[in-house]
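I have a structure I would like to understand better, so I am pasting it below and will then ask my questions one at a time.
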Amino acid sequence: MKLIKFIGLSMVASSLLMGATSVDLRKKATEAGLKAIPQDKKELMKIIDPNNVITDKKVALGKQLFFEPRLSKSGIISCNTCHNLGMGGADGVPAAVGHKWVANPHHLNSPTVYNAVFFDAQFWDGRSHQLEDQAQGPMQAEPEMAAPKPLVEERINSIAEYVASFKEAYGKDVKINFETITATIGLFERTLVTPSKFDDFLNGKDDALNDAEKEGLNVFIDKGCVTCHSGIALGGTMQPFQVAAKYKFANIGDFKGDKNGMVKTPTLRNITETAPYFHNGAIWNLADAVKEMGSTQLGIKISDDEAGKIVTFLNALEGRKPEIVYPQLPKSSDKTPKPDFN
């Protein structure tokens, strides 16, 4: 009887201790600048749709356009080619491959599109700040989709089903131009949010993270990783690169950041699904990437044990993906410009 009572009291004490530890760690995380994806849908929509323009019809149309290869000059490359929603929102290769199957001339890696709505900056050099604006770049870039504005507009306007969908989504007087097409893709991308058990923990669920994941989060904060990987996105802001030492693979590609040498910090959400890492995709192992960041950015040595603990936490950032069913795309017409491989 005494043994049962002792065990019961021990379990209660252990539970209280774990609760206090979780509360302390949650406070530490939020004070370090980490933020959760809101649980409340209305609060989330205030962030992802501040102008209140998202509708189901616009999102459905944007989804079709995201998967639409005819938006490329060749007719075979879509947004999903480099931002594969079945592969963590990236493509799994060191440098993005575009028109004529040529790798990016600067050897730039495709960042994930999941949770991009939370980024302060888009592109590695941060030249865009809105998803709707960002969508215009790859479509026109010769190393990517290589499609001039007039070609994109002509292709979409030649397909009766798309014209009808735009009118349904925006009204009969809508002008189906390049800006409207790319903005619609951006609206769909705004919905690609992936809350994880890390968010559940920050939102108050003490047991959402196990003890090893909590320890990893603690090490992540103590080592200074939150200096750059903070906010809801755990990244997505412009930061100086090679602060403490030269990046081991700086010679791969010629990217040097923006005019001030600043580089967009990648999000850590779903990072376990988006190898290879860094702007030039030079490191495949996540623990190695963590250690490289320690020396390059923080000027410290992160041990194998510490890196392993941080990676355990990073696994907890794998989010719950929205269900994506590949859409049926409307048929071309006799007026639809043919694929061009030149």
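The values are calculated or read from the model by the stated rules, or taken from the named source; none is laboratory data. Fair warning: this is a prediction, and the values are worked out from it, not measured in the lab. Note that each Cβ is placed from the backbone with ideal geometry, even for glycine, and that neighbours are counted across all protein chains shown.
Residues Ser110, Ser158: which one is surrounded by fewer than 23 Cβ atoms within 10 Å (Cβ to Cβ) and hydroxyl-bearing (Ser, Thr, Tyr)?
So the residue among Ser110, Ser158 that is surrounded by fewer than 23 Cβ atoms within 10 Å (Cβ to Cβ) and hydroxyl-bearing (Ser, Thr, Tyr) is Ser158.
OK, next. Which residue pairs have Cβ atoms under 8 Å apart, sit 6 or more places apart or on different chains, and have a first residue in region 171-186 that is within 19 Å of Tyr114 (Cβ to Cβ) and a second that is in a helix (DSSP H, G or I) and of a type in the set (Gly, Ala, Ser)?
Listed by first residue and then by second, the contacts come to Thr184/Gly62; Thr184/Ala169; Ile185/Gly62; Gly186/Gly62.
Hey, any hits in region 163-186 for a residue that's surrounded by 19 or more Cβ atoms within 10 Å (Cβ to Cβ), polar (S, T, N, Q) and in contact with a Phe, Trp or Tyr (Cβ under 6 Å, 6 or more places away or on another chain)?
no
Next question. List every residue pair whose Cβ atoms sit under 6 Å apart, with the two residues 6 or more apart in sequence or on different chains, where the first one lies in region 233-244 and is at negative phi and the second, anywhere, is surrounded by fewer than 18 Cβ atoms within 10 Å (Cβ to Cβ) and part of a loop (DSSP other than H, G, I, E, B).
Short answer, once both residue conditions are applied: Thr237/Asp120; Ala244/Gly299.
Quick check on my filter: what residues within region 321-332 are out of contact with any Leu (no Cβ under 8 Å at 6 or more places or on another chain), surrounded by fewer than 12 Cβ atoms within 10 Å (Cβ to Cβ) and not β-branched (Val, Ile, Thr)? Walk me through how you get there before you give the answer.
Pass one, region 321-332, residues out of contact with any Leu (no Cβ under 8 Å at 6 or more places or on another chain): 323, 325-332.
Now narrow it down to the ones that are surrounded by fewer than 12 Cβ atoms within 10 Å (Cβ to Cβ): 323, 325-326, 328, 331.
Residues satisfying the conditions are Glu323, Tyr326, Gln328, Lys331.
For (1) at pLDDT 95 or above; (2) of a type in the set (Phe, Trp, Tyr); (3) in a helix (DSSP H, G or I); (4) crowded, with 21+ Cβ neighbours inside 10 Å, each residue gets a yes or a no:
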residue	(1), (2), (3), (4)
Pro266	yes, no, no, yes
Thr272	yes, no, yes, no
Ala275	yes, no, no, no
His279	yes, no, no, yes
Asp288	yes, no, yes, no
Glu292	yes, no, yes, yes
Ile300	yes, no, no, no
Gly308	yes, no, yes, no
Phe313	yes, yes, yes, yes
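Next question, about the same structure. Hey, among Val117, Val113, which residue is on the phi < 0 side of the Ramachandran plot, within 12 Å of the chain's Cα centre (by Cα), in contact (Cβ under 8 Å) with a residue 24 or more places away in the chain and not in a loop (DSSP other than H, G, I, E, B)? Step through it out loud before you land on a result.
Numbers: Val113 fails: not in a loop (DSSP other than H, G, I, E, B).
On inspection, the qualifying residue turns out to be Val117.
Might you check whether a residue that is surrounded by 15 or more Cβ atoms within 10 Å (Cβ to Cβ) and at pLDDT below 95 occurs anywhere in region 21-31?
Taking every residue of region 21-31 in turn, at least one turns out to be surrounded by 15 or more Cβ atoms within 10 Å (Cβ to Cβ) and at pLDDT below 95.
Every residue, every condition in (1) modelled with pLDDT under 95; (2) under 16 Å from the mean Cα position of the chain (by Cα), yes or no:
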{"residue": "Gln64", "(1), (2)": "no, no"}
{"residue": "Arg70", "(1), (2)": "no, no"}
{"residue": "Cys79", "(1), (2)": "no, yes"}
{"residue": "Leu85", "(1), (2)": "no, yes"}
{"residue": "Gly98", "(1), (2)": "yes, no"}
{"residue": "Leu131", "(1), (2)": "yes, yes"}
{"residue": "Gln140", "(1), (2)": "yes, no"}
{"residue": "Lys149", "(1), (2)": "no, no"}
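Please work out which residue is farthest from Ala169 (Cα to Cα), limiting yourself to region 33-56 and to residues that are surrounded by 15 or more Cβ atoms within 10 Å (Cβ to Cβ) and of a type in the set (D, E, K, R).
Among those that are surrounded by 15 or more Cβ atoms within 10 Å (Cβ to Cβ) and of a type in the set (D, E, K, R), it is Lys35.
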